[in-house]
């Protein structure tokens, strides 16, 4: 069980915001994109001093940069989304480029040619960024929000969609993918630029609600130098942030045994095993202070009851009467009378009970009382003779909240707080909650911040 005090969480949140405010824009490049290019005149010469304004269409936030003496401009740390570019310089016609999409971890290049003219004239170009990437040699695949929420996902975990990328496979009995043949636990997992991988035992701390995912990218080959701590690849995820308009969504996903096909090995009239899973929740986002401060929050709950069958061993009907004539592992055991213990000089000897039967007056009352706590066998044989089916309970509650704030034309900060709580009650071998099992008996509660 992992817990943190609320006071400590608040101090950590304040420290995080302070660190983000003091950091440079280059540090956020891992969880964002970058736009660069060269501005030239009609003769192919570099155009220095041109003002380049990159506007996020969802939040109306602008990034203003100026081309260098070589005509190069660079707008770094751009959150994933749709953008518009405006380029202006006295003596040239302004250029506006619309329909620009920036993805997580992408370094896009767009070159412009300015034509001599009046500022009152404007050239508008509509089109996506070039498919050919010339600024980096890394290979990766971006899975956008539409794919995340529309493709079927058992359990609503986004990580299954990593197999859409070339060179990625989902090995059996592992929730994490294998990238380029590397072990699943050796990949790096970045959520909003922050690592959520626990190297030991190689687990991801938590998975966001899929409705709160903007997109994620699988860096599968030759990732940039800002990535590290991995052997196979990098899962680089960006969560959604609020915008200038209010948006919300609610959902409910249901699975029930009444909708399932009958198992071939469980024919009628036996009832279908119980399988009931409800996943419900919602997301909401919008402006707190238009064009400057935005919020986004999500919540998801799961209520799951699945019938599990557990097989164990209990005393047989004869053994409960003190009669041990049934074979165990192919041999009938010998039960010795402790009252007949005598020394033979080198050790001790005992005489077996006649016919393997313990007289009723010789059975200890405490042993009889303990024997009553064991249920009667449901099958034949002296081993694996008790079968119990009961609902395994898994209840989960997960939420997160994110605040984005623009400090100025060049600086912005965000803070995100997430919580995950799970109550797991496994099916025990015996009805009273006891028995021998390879797992942990009893309720298991987990809380993660």
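The values are calculated or read from the model by the stated rules, or taken from the named source; none is laboratory data. A quick note: this is a predicted structure, and the numbers were derived from the prediction, not measured. Here the Cβ is made from the backbone with ideal geometry for all residues, glycine too, and neighbour counts use every protein chain on show.
Do we find a residue being closer than 20 Å to residue 239 by Cα and either over 23 Å from the mean Cα position of the chain (by Cα) or outside any strand (DSSP E or B) (or both) anywhere in segment 394-405? Yes: one or more hits.
If you go through segment 61-84 and keep only what is loosely packed, with under 15 Cβ neighbours inside 10 Å and within 21 Å of residue 242 (Cα to Cα), you end up with just 82.
On inspection, residue 190 does not qualify as surrounded by 20 or more Cβ atoms within 10 Å (Cβ to Cβ) and either part of a loop (DSSP other than H, G, I, E, B) or out of contact with any strand residue (DSSP E or B) (no Cβ under 8 Å at 6 or more places or on another chain) (or both). The condition (being farther than 27 Å from residue 417 by Cβ, assigned by TED's automatic domain parsing to the domain that holds residue 154 and in contact with a strand residue (DSSP E or B) (Cβ under 9 Å, 6 or more places away or on another chain)) is satisfied by just one residue among 233, 228: 233.
When restricted to residues that are out of contact with any helix residue (DSSP H, G or I) (no Cβ under 8 Å at 6 or more places or on another chain) and buried (at least 16 other Cβ atoms within 10 Å of the Cβ), segment 137-166 contains 10.
Kindly evaluate residue 74 against the criterion of being assigned to a loop (DSSP other than H, G, I, E, B), touching a residue at least 12 places away in the same chain (Cβ under 8 Å) and within 18 Å of residue 412 (Cα to Cα). Taking the combined requirement at face value, the residue does not satisfy it.
For (1) surrounded by 10 or more Cβ atoms within 10 Å (Cβ to Cβ); (2) modelled with pLDDT under 90; (3) within 30 Å of residue 331 (Cβ to Cβ), each residue gets a yes or a no:
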| site | (1), (2), (3) |
| --- | --- |
| 351 | yes, no, yes |
| 359 | yes, no, yes |
| 370 | yes, no, yes |
| 386 | yes, no, yes |
| 390 | yes, yes, no |
| 393 | yes, no, no |
| 396 | yes, no, no |
| 401 | yes, no, no |
| 407 | yes, yes, no |
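Looking across segment 38-64, the residues that are part of a strand (DSSP E or B), under 30 Å from residue 290 (Cβ atoms) and touching a residue at least 60 places away in the same chain (Cβ under 8 Å) come down to 62, 63, 64. Of the candidates 286, 322, the single residue that is surrounded by 14 or more Cβ atoms within 10 Å (Cβ to Cβ) and either assigned by TED's automatic domain parsing to the domain that holds residue 404 or modelled with pLDDT under 90 (or both) is 286.
Note on segment 315-342: among residues that are outside any loop (DSSP other than H, G, I, E, B) and out of contact with any strand residue (DSSP E or B) (no Cβ under 8 Å at 6 or more places or on another chain), the one that is farthest from residue 370 (Cα to Cα) is 331. Those residues that are outside any strand (DSSP E or B), touching a residue at least 40 places away in the same chain (Cβ under 8 Å) and surrounded by fewer than 20 Cβ atoms within 10 Å (Cβ to Cβ), I need them from segment 211-228; list them, please. 211, 222, 224, 226, 227, 228 - these are the residues of segment 211-228 that are outside any strand (DSSP E or B), touching a residue at least 40 places away in the same chain (Cβ under 8 Å) and surrounded by fewer than 20 Cβ atoms within 10 Å (Cβ to Cβ).
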